[in-house]
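Remarks on the structure that follows.
All of the numbers you see were taken from the coordinates with simple rules; none came from a lab. From a predicted model like this one, the values you see are computed outputs, not experimental measurements. FYI the Cβ positions are ideal-geometry reconstructions off the backbone, even for glycines, and counts take in every protein chain you see.
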Amino acid sequence: MRCAFILVAICAAVYLNLMNISDVYAQTLPPEPRRVPHTVTQTQTVFAFASAPMLRPFINLAPYGPPTIQKTGGDAGFKHWVRNFRHRAAAQGIRVQTFDRAFRGARYDPDVIRRDRNQSEFTKTIWDYLDSAVSGPRIKNGKAALRKHRIKLNAIEARYGVDKEVVVAIWGLESAYGSFKGDNNVVQSLATLAFDGRRGRFFEAQLIAALKILQNGDTSPPNMTGSWAGAMGHTQFIPTSYLAYAVDFNGDGKRDIWSVDPTDALASTAAYLARSGWIKDQPWGVEVNLPHGFNYALANRNIRNSPSKWAQLGVVGANGKSVPNYGMASILLPAGGQGAAFMIFKNFSVIERYNTADAYVIGVGNLSDRIKGGPKIKASWPRSDRALTFSERKELQRRLTAAGFDTRGIDGKIGPLTSQAVRRFQRSKGLVPDGYASFGLLKRLR
């Protein structure tokens with residue numbers, strides 16, 4: 001999932017709630033599907049995790065339905081909406097037979113709406129997320145999946161130039177290596193969300209795309225299952241992404257991302273990353289050590305240097321050696337100065353095209369490293385801290401602004417402007433100016 005529609009793509013980010021479950025269960029029941037769409041916040045305090053490629057593709061949403069409004073009426077209102085939508089679908093080239101087959105038995109699903117609305121306060125720290133995302137069982141299962149499908153994965157890597165371990169890691173995080181792809185009727189879920197109206201245009205676009213998939217014959221209505229938010233298959237593509245990027249790698253005439261055989265799904269993921277600008281043989285990132293007295297203002301995604309230049313500033317790998325010249329890189333501090341630091345490269349941004357949450361990208365990257373036999377993250381995390389809730393993030397912004405450190409808006413989203421305000425406040429108090437919006441910082445402001 002940039003041009004004129006990049007803001008639409010960002011706003012189409014899909015949220016995920018990670019359950020507090022054991023590592024073993026985390027391998028069979030992956031993180032709960034994420035709500036669609038919402039702006040993903042900065043990594044430093046809250047992480048929003050999406051369940052599907054989110055770019056994806058950049059279509060004009062304007063033709064799909066009326067402006068976003070709140071609707072009520074339950075099943076009766078839903079049936080009326082479906083009758084009206086039938087005409088809009090026909091105008092988009094959907095045949096009557098396709099529409100009627102897809103909507104046979106479809107009903108308003110209040111559980112989908114409940115899931116969509118009940119997550120705004122949910123937050124999770126990066127260390128809690130990584131404990132599940134890169135757990136021992138998930139690494140073990142990833143290595144097993146790599147061995148089992150090595151021939152296919154080697155062929156996929158050869159064609160698209162994307163590391164097979166990265167593809168497997170995405171597979172592991174999205175569906176626990178195919179063990180839980182979602183069993184919701186995708187047409188019913190998307191229709192319910194489109195009818196709800198809060199983000200009707202986005203969901204109508206997804207619903208039109210889902211109907212086109214059925215009309216193309218890639219799958220059947222009973223087989224088109226996925227998350228409650230409409231993400232499908234082994235690697236949880238949303239329908240517009242499927243139309244733009246899915247491939248028929250095994251040559252059977254269908255782009256089948258739902259099959260027991262994961263070949264098409266894994267190849268589609270590799271194709272998506274390749275078309276998003278993947279650089280062969282470049283890592284997503286490398287854990288680094290920062291020197292004493294490091295200027296934390298340099299930990300900025302807009303500041304990019306070569307690894308050799310970072311080495312001149314005292315930034316070296318966690319192994320104490322200079323980082324090889326993989327390309328221009330930035331320094332990322334997902335938990336401020338108290339947690340791990342990473343030197344991130346272009347491929348970090350490519351994985352972000354799959355899911356914009358930094359925590360997700362680090363999860364994919366580190367899981368792929370561990371599947372390959374690489375080291376775990378060495379630095380410790382500030383585990384005594386906790387993530388701020390949505391209301392607390394808004395409170396932080398209000399208090400910073402009232403104290404003279406304007407965040408340029410109070411929206412509960414910790415973006416660059418809020419981080420800059422945090423840095424200014426930290427400097428005024430003699431604190432490490434890492435821009436990390438922690439609970440401890442909020443307590444200082446109270």
Next item on the list: In vacuum, with every alpha carbon of segment 193-279 counted as one equal point scatterer, what does the Debye formula give for log10 I(q)/I(0) at q = 0.15 Å⁻¹? Two decimals, please.
Entry: -0.54
Next item on the list: Search the structure for amide H atoms under 5 Å from the amide H of Asn289, placed 1.01 Å from N in the peptide plane, and list their residues when 5 or more places away or on another chain.
Entry: Val316, Gly317, Ala318
Next item on the list: Name the residues whose placed amide hydrogens come within less than 5 Å of the amide hydrogen of Ala329, ignoring near sequence neighbours (fewer than 5 apart) on the same chain.
Entry: Asn305, Ser306
Notebook entry, point to check: What trypsin sites (Lys or Arg not before Pro) in segment 288-397 are in a loop by DSSP, with at most 15 other Cβ atoms within 10 Å of the Cβ?
Noted result: Arg301, Lys321, Lys376, Lys378, Arg383
Notebook entry, point to check: So between Arg386 and Arg83, what do we pick up on full extension, going 0.36 nm a residue minus the alpha carbon distance?
Noted result: 104.4 nm
Notebook entry, point to check: Which three semi-axes in whole Å describe the equivalent ellipsoid of segment 342-438, each the square root of 5 times a Cα gyration tensor eigenvalue, listed largest first?
Noted result: 30, 16, 13
Check: Quick one: Karplus J couplings for segment 367-380, per residue in order, coefficients 6.51, -1.76, 1.60, θ = phi - 60°, nearest Hz, x for Gly and Pro?
Finding: 4, 5, 4, 5, 4, 6, x, x, x, 7, 5, 7, 5, 8
Item checked: Two-site label geometry, Lys280 and Lys140: point separation in nm, points 7 Å out along Cα→Cβ -> 3.6 nm
Checklist line | Label-point gap, in nm, between Gln312 and Asp75 - each point 7 angstrom along Cα→Cβ | finding: 7.1 nm
Item checked: Dipole-positive endmost among Ile208, Gly233, Phe195 within segment 191-272 (Cβ charges, Cα centre) -> Phe195
Margin query: Full-extension gain between Val260 and Asp248, please, as 0.36 nm times their residue separation minus the C-alpha to C-alpha distance.
Written below: 2.9 nm
Check: Going down the table (Lys280/Lys372; Lys309/Lys429; Lys124/Lys378; Lys124/Lys394; Lys376/Lys443; Lys152/Lys346), which pairs top 24 Å between alpha carbons?
Finding: Lys309/Lys429; Lys376/Lys443; Lys152/Lys346
Notebook entry, point to check: What's the local net charge at Thr219, with K and R +1, D and E -1, over the other residues with C-beta under 11 Å away?
Noted result: -1
Next item on the list: List the residues whose amide H sits under 5 Å from the amide H of Ala340, counting only those 5 or more places along or on another chain, with H placed 1.01 Å from N in the peptide plane.
Entry: Ala335
Item checked: Where a label projected 7 Å from the Cα of Arg159 along Cα→Cβ would reach, residues of segment 201-226 with amide N under 18 Å -> 218-219
Check: Expressed in nm to one decimal, what extension gain is obtained for the pair Lys148 and Val432 from 0.36 nm per residue of sequence separation less their Cα-Cα distance?
Finding: 97.5 nm
Margin query: Which aspartates and glutamates, if any, have their Cα less than 19 Å from the Cα of Lys143, not counting same-chain residues under 8 positions apart?
Written below: Asp23, Asp131, Glu157, Asp163, Glu165, Glu174, Asp261, Asp369
Next item on the list: Apply the Karplus parameterisation 6.51 cos²θ - 1.76 cosθ + 1.60, with θ equal to phi minus 60°, to every residue of segment 429-437 and state each ³J(HN,Hα) to the nearest whole Hz, in sequence, with x for glycine and proline.
Entry: 9, x, 8, 5, x, 8, x, 7, 8
Checklist line | Debye intensity ratio I(q)/I(0), log10, segment 285-371, q values 0.11, 0.12, 0.17, 0.23 Å⁻¹ (C-alpha model) | finding: -0.27, -0.32, -0.66, -1.23
